[in-house]
Amino acid sequence: MATGGPVRFATRPPSSMGLSCRSVASSHFSPPMLHTRARLLPLLGFIVAAACSRPETPSAQARQVNMSPGDVAPAARGLSTLTDSLSTSADRARIRGAESAPVWLVEISDFQCPFCKQWHDESFAKIDQEYVKTGKVRMAYLNFPLTRIHKNAQVAAEAAMCAGVQGKFWELHNSLFQSQPRWAESKTPIVVFDSLARAAGVELKAWDRCMTAHSTAKLIEADRDRSSKAGVESTPTFFVGDRALAGAFPVDTFRVAIEQALAKLKEQAAAKPNPAPR
């Protein structure tokens, strides 16, 4: 869990920077970052493992993050394997996009963070329409609730993940950000979350049981731990291919990053020697 002093809010930085929330006493925005392969491994290995829990073949996921199967396996073995059907369903539900999509976009976020909401409101639907639904990008959401400064972030994450058990993660994801002003400072946020779950078509008795038992709390904790190991300090943070973007950048920044990742993969494919004829 992130620790430290209160978050600092600032005016919008230059376009090369993105606004973000953090619970350390320092500037909360930073320019695009390039992370080393070693720092990305714990996070990308986690996402690959989650995707590979589906019945389809995992080979494309290993290739698209530029790792060999030998690289991915140690990270996957290091996970606290969630074998029960509830946790597995919640884990799968926050991945969207075609199995064959060549590029990962991993969103590391906090439902109560105002800059996470800003990115959702300004960019999410456009990226989803242009890249996820067209089969170019596969997207995953990881929870990073900054509970020292966002008192309702943890329960919001659990609300979304418990909806994910029923295949409704993205419906709650959207409505939580859209309704953030209603519950962010509420003493009884569960009242709002209950109404959001109902509107999303979630079966409420099962959702209530999941919430009461905190059935997805360990999964959220695993998200936060592995994000921290990958160097994440603030929300929102995004990984596009092997590049990290820390902050609520404009949608054009993501378009450029995605197109660069796609071009890099195309170049790598073109550079591979053709197999010798038999």
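The values are calculated or read from the model by the stated rules, or taken from the named source; none is laboratory data. Just so it is clear, the structure is predicted and the values come from calculations on it, not from any experiment. Using ideal geometry, Cβ is built from the backbone for each residue, glycine included, and neighbour counts are taken over all protein chains shown.
Among the residues of segment 239-278, what is the count of those that are in a loop (DSSP other than H, G, I, E, B) and over 17 Å from GLN118 (Cβ atoms)?
Counting residues in segment 239-278 that are in a loop (DSSP other than H, G, I, E, B) and over 17 Å from GLN118 (Cβ atoms) gives 9.
Just for segment 195-207: of the residues that are in a helix (DSSP H, G or I) and in contact (Cβ under 8 Å) with a residue 12 or more places away in the chain, which one is surrounded by the most Cβ atoms within 10 Å (Cβ to Cβ)?
Within segment 195-207, the match that is surrounded by the most Cβ atoms within 10 Å (Cβ to Cβ) is ALA197.
Based on this model, can you work out whether VAL256 counts as under 15 Å from LEU105 (Cα atoms) and at pLDDT 95 or above?
Yes; evaluated as a whole, the condition is true for this residue.
Going through segment 112-158 one residue at a time, which ones are small (Gly, Ala, Ser) and in contact (Cβ under 8 Å) with a residue 24 or more places away in the chain?
SER123, GLY135, ALA140, ALA153, ALA156, ALA157
Scan segment 176-183 and give yes if some residue there is in contact (Cβ under 8 Å) with a residue 60 or more places away in the chain, within 16 Å of ALA159 (Cα to Cα) and in contact with a strand residue (DSSP E or B) (Cβ under 8 Å, 6 or more places away or on another chain), otherwise no.
no
Filter segment 99-110 down to the residues that are charged (D, E, K, R) and under 16 Å from LEU172 (Cα atoms), then identify the one that is surrounded by the fewest Cβ atoms within 10 Å (Cβ to Cβ).
In this case the residue turns out to be GLU107.
Could you check segment 227-238 and list, in sequence order, the residues that are buried (at least 22 other Cβ atoms within 10 Å of the Cβ) and assigned to a helix (DSSP H, G or I)?
SER227
Quick grid of which residues meet (1) surrounded by fewer than 23 Cβ atoms within 10 Å (Cβ to Cβ); (2) over 14 Å from the mean Cα position of the chain (by Cα); (3) in a helix (DSSP H, G or I):
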position: GLN112; (1), (2), (3): no, yes, no
position: ALA125; (1), (2), (3): yes, yes, yes
position: GLU130; (1), (2), (3): yes, yes, yes
position: ILE149; (1), (2), (3): yes, yes, no
position: ALA157; (1), (2), (3): no, no, yes
position: GLN166; (1), (2), (3): yes, yes, no
position: TRP170; (1), (2), (3): yes, no, yes
position: PHE193; (1), (2), (3): no, yes, yes
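It is to be established whether one or more residues within segment 215-225 are under 14 Å from the mean Cα position of the chain (by Cα), surrounded by 16 or more Cβ atoms within 10 Å (Cβ to Cβ) and among the small types (Gly, Ala, Ser).
yes
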